């Protein structure tokens, strides 16, 4: 099957959302960060993913975030926008808006409150959203992140959605970290645009025919990840991946959104990075000091 | 500590939300069902709980559901309203509205998308909501349902919230089914208004000093549960509980919202009960036939 997409392969970053002291969005800082990611070699940006605190914003706030990023001149074919909510009318509204504003792709969580649901119920949710949006420009990437959503996409469900909506359901962000799941999808749905949820699996994903990665930590590691992507078929690919993996591993065990924000404060001195919406919460200064020292030991800075 | 509340002790039902064919709310059927529950002995109604498919509705839809039920004459001191969303501004908006419309209590889920969060982040979420609502009539009942929300309320967090917001954080719906958790809270916070999440634990909860139950299955078992509550200090209490438990146990293992809706279709013949929002999905007819027969064997009907 051919999956026509406008989004490029490569390295996407699940963009952080800088906030003001009153926890409203700092649009200037957000658009500056998007531009910084692209100018440092990023192929695209996931706006309103888990790392971007998407689910801590209202629908209206999310619509405004989309608008402001588009208006700042970030090209639509570099933008994947997260729209998956628990209530399908919310998802449909966000998705329609993102498509109309030119977003090249939509990243869709499954509805994540109700557990104990079967594939039929999940499929019906996608039916309702896709029919409500009713736009041939719609390109959906399924957001598989069972550790956070608690609702995995089973391989049969993915295959059914692809079969039912060819040209619309075109890819997946696989944040499970479970290589066998990715491998199964890549084997069963050749050409499906799979992005690993971590740059740790970037080279492996590309060699297996996947599209790239969409990662939280590439907010920081973007230059290294982009360099690996530019050279993934070159001799130095393995050693680039090895070094990237070492840096990425320094973040293991930390809640990523707060520590990434706090590290950006370390690197830039801008206190705006210290604002975060609950339930996410800043980590102890001592924790950040250790992480910071470990990154320095690896010779890493942004 | 004294917990002043306007909501009564006793049996609350996590009210089903009847829908039209296009999945919009059937307000006439909803208010009729609320009245039916109260006229069959129910002490109160939880509007927009898990069973009411709260998280499958937009904020605007939830506001309208609240309004229509109030306008239909259901007294505020019988109404507990579910308002907990992932984004604290949504929760604040719904909560403010519910309080202003006279709801006697607010049932609040913790923000349930982000996992790996600590008590400090959860406490800050409640701070933001309580300060935004800023109304002395606000009475919060914490919604502890780890199997669904994946975010448990730890006992230290509950105690901190009660200490910080005395008179505001007044109770809990404990749907964990974990008696030791309920016992711990009842022992550590005497007088705290704990409702068990199932009528199976009604008598035990009352004897331990708890407030009652808030249950999905009392949509059906309301008369039996109400009879037990009226007689919980009488000789026949244990046998009433035993019979109630037998009926409740017939529902074990089924997803409750769809099977309750489907059983109401069986009992009333009204096809409106067969509409449900995804990701919840109707169960196979064969499944309902078995459940229906098991209930008949127990001599149960609404």
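The values are calculated or read from the model by the stated rules, or taken from the named source; none is laboratory data. If you're wondering where the values come from, they're calculated on a predicted model, not measured in any experiment. Ideal geometry is used to build each Cβ from the backbone, glycine not excepted, and the neighbour counts take in all protein chains shown.
For the range B:58-97, which positions are assigned to a loop (DSSP other than H, G, I, E, B) and more than 18 Å from residue B:145 (Cβ to Cβ)?
As a first pass, look at the range B:58-97 and keep what is assigned to a loop (DSSP other than H, G, I, E, B): B:58, B:72-75, B:83-87.
Result: B:58, B:72, B:73, B:74, B:75, B:87.
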Quick one: how many residues across the range B:78-97 are under 25 Å from residue B:159 (Cβ atoms) and surrounded by 24 or more Cβ atoms within 10 Å (Cβ to Cβ)?
-> 10
Is at least one residue of the range A:171-187 under 21 Å from residue A:143 (Cα atoms), in contact with a helix residue (DSSP H, G or I) (Cβ under 7 Å, 6 or more places away or on another chain) and in contact (Cβ under 8 Å) with a residue 60 or more places away in the chain?
-> no
Do we have residue A:267 as out of contact with any strand residue (DSSP E or B) (no Cβ under 6 Å at 6 or more places or on another chain), within 30 Å of residue A:24 (Cβ to Cβ) and buried (at least 20 other Cβ atoms within 10 Å of the Cβ) here?
-> no
For the range B:47-59, state whether one or more residues are touching a helix residue (DSSP H, G or I) at 6+ places or on another chain (Cβ under 7 Å), buried (at least 24 other Cβ atoms within 10 Å of the Cβ) and away from chain A (no Cβ under 13 Å).
-> yes
What single numbered condition from (1) touching a strand residue (DSSP E or B) at 6+ places or on another chain (Cβ under 7 Å); (2) in contact (Cβ under 8 Å) with a residue 60 or more places away in the chain fails to hold for residue B:302?
-> (1)
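Is it the case that residue A:280 is more than 30 Å from residue A:5 (Cα to Cα) and either in a loop (DSSP other than H, G, I, E, B) or touching a strand residue (DSSP E or B) at 6+ places or on another chain (Cβ under 8 Å) (or both)?
Values: more than 30 Å from residue A:5 (Cα to Cα): yes; either in a loop (DSSP other than H, G, I, E, B) or touching a strand residue (DSSP E or B) at 6+ places or on another chain (Cβ under 8 Å) (or both): yes.
Answer is yes for this residue.
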Positions within the range A:205-227 being over 15 Å from residue A:8 (Cβ atoms), assigned to a helix (DSSP H, G or I) and in contact with a helix residue (DSSP H, G or I) (Cβ under 7 Å, 6 or more places away or on another chain), in sequence order | A:219, A:220, A:221, A:224, A:227
If we keep only residues of the range B:105-136 that are surrounded by 21 or more Cβ atoms within 10 Å (Cβ to Cβ) and touching a residue at least 40 places away in the same chain (Cβ under 8 Å), then the residue nearest to the other protein chains (Cβ to nearest Cβ) is B:111
Give the number of residues within the range A:261-283 that are within 17 Å of residue A:49 (Cβ to Cβ) and either at pLDDT below 95 or within 14 Å of another protein chain (Cβ to nearest Cβ) (or both).
-> 5
Members of the range B:244-260 that are touching a residue at least 24 places away in the same chain (Cβ under 8 Å), more than 12 Å from every other protein chain (Cβ to nearest Cβ) and more than 24 Å from residue B:62 (Cβ to Cβ) | B:244, B:245, B:246, B:247, B:248, B:249, B:250, B:251
